[in-house]
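Taking it in order: structure first as structure tokens, then the write-up.
The values are calculated or read from the model by the stated rules, or taken from the named source; none is laboratory data. The structure displayed is predicted, hence computed values, not measured ones. Cβ placement follows ideal geometry from the backbone for every residue including glycine, while neighbour counts extend to all protein chains displayed.
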Amino acid sequence: MTAPARSTLFAPATLGPVPLRNRFIRAGTGESMADPAGRIGDEYVALHENLARGGVGLAFTGHIFSHLRGRYGDLQAGLHQDSSIPGFARVTEAVHRRGGRIFAQIAHAGSQSMSFATRPLAPSAVDNVMTGRRVEAATDDEIHEAIDGFRQAARRAVEAGFDGVHLHGANGYLISEFRSPLTNTRDDDWGGTRERRDRFPVEVIRAIRAELPAGMGLTMKVGLADLVDEPGGLTVPDAIEGVRSFVAAGLDGVEVSSNLMSDYVSASIRGYVAVDRRRALEDLLFHRLHKKPEPEAYFLPFVDALRAQVDTTIILVGGMRRVTTMAALVESGRAEFISMARPFIREPDLVQRLAGGQRTAPACVSCNICLMHDEHHALRCWRTPRMNLLRHAKYRFSGGFKGKGSGRKPAAGDR
Ligand SMILES: Cc1cc2nc3c(=O)[nH]c(=O)nc-3n(C[C@H](O)[C@H](O)[C@H](O)COP(=O)(O)O)c2cc1C
Ligand code: SF4
């Protein structure tokens, strides 16, 4: 293997029609920085400018709601209205000035919405496995309105100067709900068979593609299986058939993750990846001193299954930590791009560090405190500076997580 710092990881590459300076992608990571109208400001611009300054080749924004009924949380940014365009135009301008590229991750939260002010949409009236929230089955007109919401959000992403769109089709949100037999029990044109359950994402992809000029990319985060206890969910073979139809509908590449999940931490945002005894001690993780590091690249089995059957560009996310691991995976052709979320929260300049020869795992210990604060506070690492850990403890033990966001499930009647 080539020395990591000189490997293809650091050489220019293209994703669909979009030229990138390297193969490092900042995975979608909810910024929780919007105002009540879903508009973003200086803090959001600075976060993305900083990532581009730190050497990230391409950033996926955190999930941005495409339609008011698809809002996940009250601090989430939206591209559901034209008045959001100027704010995002500042972001794309700042990223381009620093030599980076940026795709808007557009999303619809479905019944996994944690926003109590939102009246969500779902394919069928089934309790959401993560939140317990149940909403009525969408009508045909409402489904078409949701597709049009994605189309219009893509049109606004073009106007804001994004380099592409990254469609959120994983992790339990509306597209995942359409794809899973557990949450889509319809027997009309939108359910009943694998093909009809996948019709919603196929139509969304076609609608977005029709809005994008030739130089813009279109990628998708896809769920390759339901990771829930209940039997009968989306299986890997069915998910792969779906991805084949999504690629045919116009994708330039896919980022592989889970579909429905009982919770984030056991499925897509796993803890303590690559944290050895030394890192545990340095970061005061005493409960990890006698435990083995959790494995890196935890979606690799999904990726290998997909690679064997569908010809597309693959973005590997989920516990990518050591540069030697990343270089080996890219150079052996198992994935084209490496995507990371938590390591870039703690070290926005991580790519520069790796290019400079750093071989140790990043400082992020995957403790998931930042995930607990999603939709409570603006995105940040809560372990550094150390004072942040005290702020976190104060918020936690004073009952802060009982409010909106990940700590509380929307009750029946919260519509
Ligand atoms: C605080 C936080 C917010 C996240 N928000 C999003 C999001 O908006 N969109 C998305 O696709 N994934 C989101 N994720 C998941 C990440 O994109 C990624 O798939 C996951 O964290 C595993 O990658 P990592 O090990 O590099 O962190 C989020 C993760 C964290 C920790
Ligand atoms: S709080 Fe910091 S160390 Fe913990 S997962 Fe988030 S970025 Fe990593």
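Please find, within region 349-360, the residue that is nearest to ASN50 (Cα to Cα) out of those that are surrounded by 20 or more Cβ atoms within 10 Å (Cβ to Cβ) and touching a helix residue (DSSP H, G or I) at 6+ places or on another chain (Cβ under 7 Å). Give the derivation first.
First, the residues of region 349-360 that are surrounded by 20 or more Cβ atoms within 10 Å (Cβ to Cβ): 350-351, 354.
The next check asks that each one be touching a helix residue (DSSP H, G or I) at 6+ places or on another chain (Cβ under 7 Å); those that pass are 350, 354.
Working: LEU350: 11, LEU354: 16 Å.
Only one residue tops the list, namely LEU350.
Here's the yes/no breakdown for (1) free of Cβ contacts under 8 Å to residues at least 12 places away in the same chain; (2) more than 10 Å from ligand 1 (Cβ to nearest atom); (3) more than 24 Å from ASP252 (Cβ to Cβ); (4) in contact with a Pro (Cβ under 7 Å, 6 or more places away or on another chain):
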{"position": "ARG322", "(1), (2), (3), (4)": "no, yes, yes, no"}
{"position": "ALA327", "(1), (2), (3), (4)": "no, yes, no, yes"}
{"position": "GLU336", "(1), (2), (3), (4)": "no, yes, no, no"}
{"position": "ARG342", "(1), (2), (3), (4)": "no, no, yes, no"}
{"position": "ASP349", "(1), (2), (3), (4)": "no, yes, yes, no"}
{"position": "ARG353", "(1), (2), (3), (4)": "yes, yes, yes, no"}
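Identify, from the list ALA297, ALA274, the residue that is under 17 Å from the mean Cα position of the chain (by Cα) and closer than 29 Å to PRO385 by Cα. Before you say what the answer is, go through the steps one by one.
Values: ALA274 fails: under 17 Å from the mean Cα position of the chain (by Cα).
The match here is ALA297.
Out of the residues in region 362-379 that are surrounded by fewer than 23 Cβ atoms within 10 Å (Cβ to Cβ) and not in a loop (DSSP other than H, G, I, E, B), which is nearest to ligand 2 (Cβ to nearest atom)?
Checking each candidate, the answer is ILE369.
Does SER258 satisfy the condition of being in contact with a Leu (Cβ under 6 Å, 6 or more places away or on another chain) and crowded, with 22+ Cβ neighbours inside 10 Å? Let's see the steps before the verdict.
On the way: in contact with a Leu (Cβ under 6 Å, 6 or more places away or on another chain): yes; crowded, with 22+ Cβ neighbours inside 10 Å: yes.
Taking the combined requirement at face value, the residue satisfies it.
Given the residues ARG196, ARG206, which is the only one that is within 22 Å of LEU306 (Cα to Cα), in a helix (DSSP H, G or I) and in contact (Cβ under 8 Å) with a residue 12 or more places away in the chain?
ARG206
Here's the yes/no breakdown for (1) modelled with pLDDT under 95; (2) away from ligand 1 (no atom under 16 Å from the Cβ); (3) not charged (D, E, K, R):
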| position | (1), (2), (3) |
| --- | --- |
| ALA11 | no, yes, yes |
| PRO19 | no, yes, yes |
| ARG23 | no, no, no |
| ALA37 | no, yes, yes |
| ALA46 | no, yes, yes |
| LEU51 | no, no, yes |
| ARG71 | no, no, no |
| LEU79 | no, no, yes |
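State which residue pairs qualify: first residue at negative phi and among the small types (Gly, Ala, Ser) and inside region 373-391, second residue in a loop (DSSP other than H, G, I, E, B) and surrounded by 13 or more Cβ atoms within 10 Å (Cβ to Cβ) in any location, beta carbons under 6 Å apart, and separation of 6 or more residues or different chains.
Going by the 6 Å Cβ cut-off, the qualifying pairs are ALA378/SER32; ALA378/MET33.
Restricting the search to region 94-119, which residues are closer than 19 Å to ARG197 by Cβ and modelled with pLDDT under 95?
Correct list: empty.
Among the residues of region 229-283, how many are farther than 30 Å from ARG209 by Cα, among the aliphatic types (A, V, I, L, M) and at pLDDT 95 or above?
5
Are any residues in region 18-51 in contact with a strand residue (DSSP E or B) (Cβ under 6 Å, 6 or more places away or on another chain) and farther than 21 Å from LEU354 by Cα, and if so, which ones?
Hits for region 18-51 are VAL18, GLY38.
Looking for whichever is within 16 Å of ligand 1 (Cβ to nearest atom) and farther than 25 Å from MET326 by Cα here; the options are MET216, MET220, MET261. Which one fits?
Sole residue among the options that is within 16 Å of ligand 1 (Cβ to nearest atom) and farther than 25 Å from MET326 by Cα: MET261.
Does GLY172 count as without any contact (Cβ under 8 Å) to a residue 12 or more places away in the chain, of a type in the set (Gly, Ala, Ser) and either in a loop (DSSP other than H, G, I, E, B) or away from ligand 2 (no atom under 16 Å from the Cβ) (or both)?
Criteria not met by GLY172.
Considering each of PRO237, PRO231 in turn, give the residue that is part of a loop (DSSP other than H, G, I, E, B) and away from ligand 1 (no atom under 16 Å from the Cβ).
Answer to the selection: PRO231.
Given the residues GLY73, GLY28, GLY38, which is the only one that is over 17 Å from the mean Cα position of the chain (by Cα), assigned to a loop (DSSP other than H, G, I, E, B) and in contact (Cβ under 8 Å) with a residue 40 or more places away in the chain?
Exactly one residue qualifies, and that residue is GLY38.
Residues that are within 16 Å of ligand 2 (Cβ to nearest atom) and surrounded by fewer than 16 Cβ atoms within 10 Å (Cβ to Cβ), at least 3 per element: which helices (runs of 4 or more DSSP H) completely within region 273-348 meet that?
Fully inside region 273-348 and qualifying: 277-282.
In region 155-185, what residues are away from ligand 1 (no atom under 16 Å from the Cβ) and touching a Ser or Thr at 6+ places or on another chain (Cβ under 8 Å)?
Correct list: ARG156, ALA160, GLY161, ASP163, THR183, ASN184, THR185.
Going by the structure shown, is PHE178 crowded, with 24+ Cβ neighbours inside 10 Å, out of contact with any Phe, Trp or Tyr (no Cβ under 9 Å at 6 or more places or on another chain), among the hydrophobic types (A, V, I, L, M, F, W, C) and part of a helix (DSSP H, G or I)?
Working: crowded, with 24+ Cβ neighbours inside 10 Å: yes; out of contact with any Phe, Trp or Tyr (no Cβ under 9 Å at 6 or more places or on another chain): no; among the hydrophobic types (A, V, I, L, M, F, W, C): yes; part of a helix (DSSP H, G or I): yes.
So PHE178 fails the test.
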